[in-house]
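Data block below; observations after.
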Amino acid sequence: MLRPRIIPCLLVHQGGLVKTIGFKDPKYVGDPINAVKIFNEKQADELIVVDMDATVNGVEPDYKAIEHMALECRMPLCYGGGVQTAEQAKRIIGLGVEKVSISAAAADRPELVSEIADAVGRQSVVVVIDAKKKMPGSGWDVTTRNAGRNAKVDALDFAARVADLGAGEIVMNSVDLDGRMTGYDLDLARRLRDRVRIPITMLGGAGSLDHMGDLFRTCGVMGAAAGSLFVFKGQYRAVLINYPKPAEKEALFAAV
């Protein structure tokens, strides 16, 4: 029986683990490898790691760092950042990573999705869509390069297109809710669920397990990813790597 996945998302900036609000003002919260080790101990379902710098700076993925993380990681690992070619994706998969995510490169040249799917298999291709509400108007635009550029493409239309091109999964990230910890954009999640038939993970806004429960009740089985929820604790946002205990997950799923 398929079950929802609860997925920590780690942002790497200048070699360190950071958190942002609205993709701005990255706050250092620790060492990425140490975080991987802790999530191993806590038996996380999966892990997403995104290098914030690679695409913006126009550099290749840091293969040495990726290999180090893959060797430490005992759960499925998805890596994103700086991937521009199918050859790069294939090299990353060869390092022991289960999934490769692309974002700006897919917006710039959607055909890359098919090329990577042909090289490493559709199940290993994740497209991350950083969606920002259109102003003015309704709907969401695709943004890229840490939300610094508007691709002027409708996020839901783009999701449907990359699914047709061979994406195995879509991670839909709400730029507006990044780091806010006020809950997922359930309207966006619902509309995305209606548009595509491939696995979906929602990211952006989670501040509690109740928010994840709201997502699962709204959309059924999918991935619920979060950053701040798993690195901050309490009203003062003290840095503490955390993840729900098995009993907490069981209670959450039972209530869906």
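The values are calculated or read from the model by the stated rules, or taken from the named source; none is laboratory data. Every value quoted in this text rests on a predicted model; they were computed, and no experiment measured them. Virtual Cβ from ideal backbone geometry, glycine too; neighbours counted across all protein chains shown.
Figures for the structure shown
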| item | result |
| --- | --- |
| Lone unmet requirement of (1) modelled with pLDDT of 95 or more; (2) crowded, with 20+ Cβ neighbours inside 10 Å; (3) under 24 Å from Ala105 (Cβ atoms) for Ala206 | (3) |
| Selection from segment 133-148 of residues that are without any contact (Cβ under 8 Å) to a residue 40 or more places away in the chain and touching a helix residue (DSSP H, G or I) at 6+ places or on another chain (Cβ under 8 Å) | Gly139, Asp141, Val142 |
| From the options Leu192, Leu186, residue that is surrounded by fewer than 22 Cβ atoms within 10 Å (Cβ to Cβ) and more than 15 Å from Ala106 (Cβ to Cβ) | Leu186 |
| Scope segment 178-188; condition aliphatic (A, V, I, L, M) and either within 16 Å of Asp154 (Cβ to Cβ) or in contact with an Asp or Glu (Cβ under 6 Å, 6 or more places away or on another chain) (or both); matching residues | Leu188 |
| Residue match in segment 40-54 (condition: in contact with a strand residue (DSSP E or B) (Cβ under 8 Å, 6 or more places away or on another chain) and over 20 Å from Thr201 (Cα atoms)) | yes |
| Residue within segment 92-99 that is in contact with an Asp or Glu (Cβ under 6 Å, 6 or more places away or on another chain) and assigned to a loop (DSSP other than H, G, I, E, B) present | yes |
| In segment 131-183, the residues that are within 14 Å of Ile198 (Cα to Cα) and in a strand (DSSP E or B) | Glu169, Ile170, Val171, Met172 |
| Segment 206-230: number of residues that are part of a loop (DSSP other than H, G, I, E, B), within 22 Å of Lys19 (Cβ to Cβ) and touching a strand residue (DSSP E or B) at 6+ places or on another chain (Cβ under 6 Å) | 2 |
| Unique match (being closer than 29 Å to Val18 by Cβ, under 15 Å from the mean Cα position of the chain (by Cα) and of a type in the set (Val, Ile, Thr)) among Val171, Val120, Val113, Val153 | Val171 |
